[in-house]
């Protein structure tokens, strides 16, 4: 369907007929009749580069994916350090924001949208743990492995059962913690 770049109107298919587009140019845009071809090429380039609804959704989707990925990576770092999950909102987010504003002189809007609240970090860590557990179980289905169980007592006299798995993975010995469960009853071998 023909489209006028000057008035940004869709024209009818009838206007494709010889002389109709020229008549539209004379009637609506008489001041541009003698304009150079490069002027119209520039108009076309600007039109093609304009922000469309689709491009807005694509950019927003890319930003959301990156924010989500950063959220998972930060959650993993929080889990590895064993820090309280609120550190994301209370320290990490403000630190990133301050760095962007001060050092890089950039806007911190994306940091404000970064999902690293206490609940989000907990959920991300749980999701990653479940995924790691599934991957380990899949590996163990096709390999021989040895199992080691260890009963241990925490500071609060709370007994836990820790189970380790050893197996050969791609020619190298691997050791993983399979699970850690709190023991509700006594720690005798019968109860374990």
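Derivation of every value follows stated rules applied to the coordinates shown; laboratory data play no part. It should be emphasised that the depicted structure is a prediction, and the values quoted were computed from it without experimental measurement. Using ideal geometry, Cβ is built from the backbone for each residue, glycine included, and neighbour counts are taken over all protein chains shown.
Using only the alpha-carbon atoms, how far is helix 93-102 inclined from the longest principal axis of the chain? Give it as 0 to 90 degrees, nearest 10.
40
Could you give the length gained on full extension between residue 174 and residue 105, defined as 0.36 nm per residue of separation minus the Cα-Cα distance, in nm?
Value of the extension gain: 20.3 nm.
Give me the one-decimal nm value for the distance between modelled label points at residue 29 and residue 144, 7 Å along each residue's Cα-to-Cβ direction.
It works out to 7.9 nm between the two label points.
If R₀ is 30 angstrom, what is the calculated FRET efficiency for the pair residue 67 and residue 158, using the beta carbon separation as r and rounding to 0.05? Kindly include the intermediate steps, with their values, before the conclusion.
Details: r = 38 Å, r/R0 = 1.25.
For R0 = 30 Å, the calculated efficiency reads 0.20.
So what is the orientation-averaged projected area of region 70-154, using the convex hull of its C-alpha atoms, in nm²? Could the numbers behind the result be given before it?
Numbers: hull surface 32.6 nm².
Its average projected convex-hull area is 8.2 nm².
Once fully extended, how much extra length lies between residue 20 and residue 113, figured as 0.36 nm per residue of separation less the alpha-carbon to alpha-carbon distance?
In short, 28.4 nm is gained.
If packing is taken as the mean number of other Cβ atoms within 10 Å per residue, what is the order of 162-170, 33-41, 109-117, highest first?
Packing proxy ranking, top to bottom: 109-117, 162-170, 33-41.
Taking the Cα atoms only, what angle lies between the long axis of helix 118-141 and the longest principal axis of the chain, rounded to 10 degrees?
Between helix and principal axis, roughly 70 degrees.
Could you tell me how many degrees, from 0 to 90 and to the nearest 10, lie between the Cα long axis of helix 53-81 and the main elongation axis, the longest principal axis, of the Cα atoms of the chain?
With rounding to tens, the tilt is 20 degrees.
In nm, to one decimal, how far is the residue 135 label point from the residue 39 one, both placed 7 Å along Cα→Cβ?
If labels sit at residue 135 and residue 39, their model points lie 6.1 nm apart.
Could you tell me what fraction of 2.2 N^0.38 Å the Cα radius of gyration of the chain comes to, as a two-decimal ratio?
Ratio of Rg to 2.2 N^0.38 Å for the chain: 1.94.
For residue 86 and residue 126, calculate 0.36 nm times their separation in residues minus their Cα-Cα distance, and state this gained length in nm to one decimal.
Taking residue 86 through residue 126 to full extension adds about 12.9 nm, to one decimal.
What's log10 of I(q)/I(0) for region 122-189 at q = 0.17, 0.18, 0.29 Å⁻¹, Debye sum over Cα points only, no solvent?
Result of the Debye calculation: -0.76, -0.82, -1.19.
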